[in-house]
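Dropping the structure in here first, questions after.
The values are calculated or read from the model by the stated rules, or taken from the named source; none is laboratory data. Everything numeric here is computed off the predicted structure, so don't read it as measured data. Ideal geometry is used to build each Cβ from the backbone, glycine not excepted, and the neighbour counts take in all protein chains shown. In case anyone asks, the SASA skips ligands and DNA or RNA and just uses the protein heavy atoms, side chains included. Shrake-Rupley method; radii C 1.70, N 1.55, O 1.52, S 1.80 Å.
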Amino acid sequence: MPETNAEDPKQPTVRTLDARSLRGLAHPLRIRMLAALRHEGPATASQLAERLGESSGATSYHLRQLAAHGFVEDAPGHGKGRERWWQAVHQGTAFDETLMYDESDPETRGAADAFLHEIATIHTQELTTWLGDSHTWPREWRSSTDMSDFTLRLTPAQATELIHKMHDLVNSYRDLPQAEDTETVRLHTHAFPRRGRA
């Protein structure tokens, strides 16, 4: 079972990235492996390799690197024999945008850029996969999805407030009773300024 936030059980347990942990995570395969463990539960290096189209040697190496930075750990009670099972330590990752602007640490800035671009790539791929597979889902699910965009005139403080309200709303749905037709639903949010008027 993933950990919950003791102060608020509806809030996921989140790891806030610092410069060291960001550099440890900012590799495309590590980001995807961690996401797989969070979304699909514990797995072995071989299972992750098959799922992600990689060699088990590569996934094994990157799992050890993730463990060294505190992102994954052994998953007790799984499997038999010598094969090692891994699980995610936290349910989510929080990115501190100040890591992108540290003029004294170009390595961390580069890791931040790589991390954010990989997350954007994953979001695009997930959406593209849904569009390609949507015809295989029942009509109820096809009509229960959303791909919208909005343009608002906000101050930085108002944008931050809106983001926090959206996150709180999403997290309020985490502990709903499981119904027979429950499926895993992915939600992406993107909020950023652009030049020019609305």
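How do 137-147, 14-24 rank on mean C-beta neighbours within 10 Å, highest first? Numbers along the way, then the final one.
Values: 137-147: 9.8, 14-24: 16.6.
Put in order of decreasing packing, that is 14-24, 137-147.
Among DSSP beta bridges whose residues both lie in the chain, state the antiparallel percentage, nearest 5.
Expressed as a percentage, antiparallel bridges in the chain total about 65.
Could you tell me the center-to-center distance, by alpha carbons, between region 120-198 and region 87-115 in angstrom?
23 Å
Between ARG64 and LEU127, how high is the FRET efficiency from 1/(1 + (r/R0)^6) when r is the Cβ-Cβ distance and R₀ = 25 Å? Nearest 0.05. Numbers along the way, then the final one.
Working: r = 32 Å, r/R0 = 1.27.
The calculated FRET efficiency here is 0.20.
If you don't mind, another one. Which FRET efficiency value, to the nearest 0.05, do you get for SER148 and GLU107 by plugging their Cβ-Cβ distance into 1/(1 + (r/R0)^6) with R0 = 22 Å?
0.05
Here's another thing I want to ask about it. Leaving out ligands, DNA and RNA, what percent of the accessible area of the chain is carbon and sulfur, probe 1.4 Å?
52 percent
Further question on the same structure: With a 1.4 Å probe and every protein chain left in place, work out the accessible area per residue of the chain in Å², rounded to a whole number.
72 Å²
Which far-off residues, 5 or more places away or on another chain, put their amide H under 5 Å from the one on THR44, with H placed in the peptide plane?
Those lying under 5 Å, H to H, from THR44 are TRP86.
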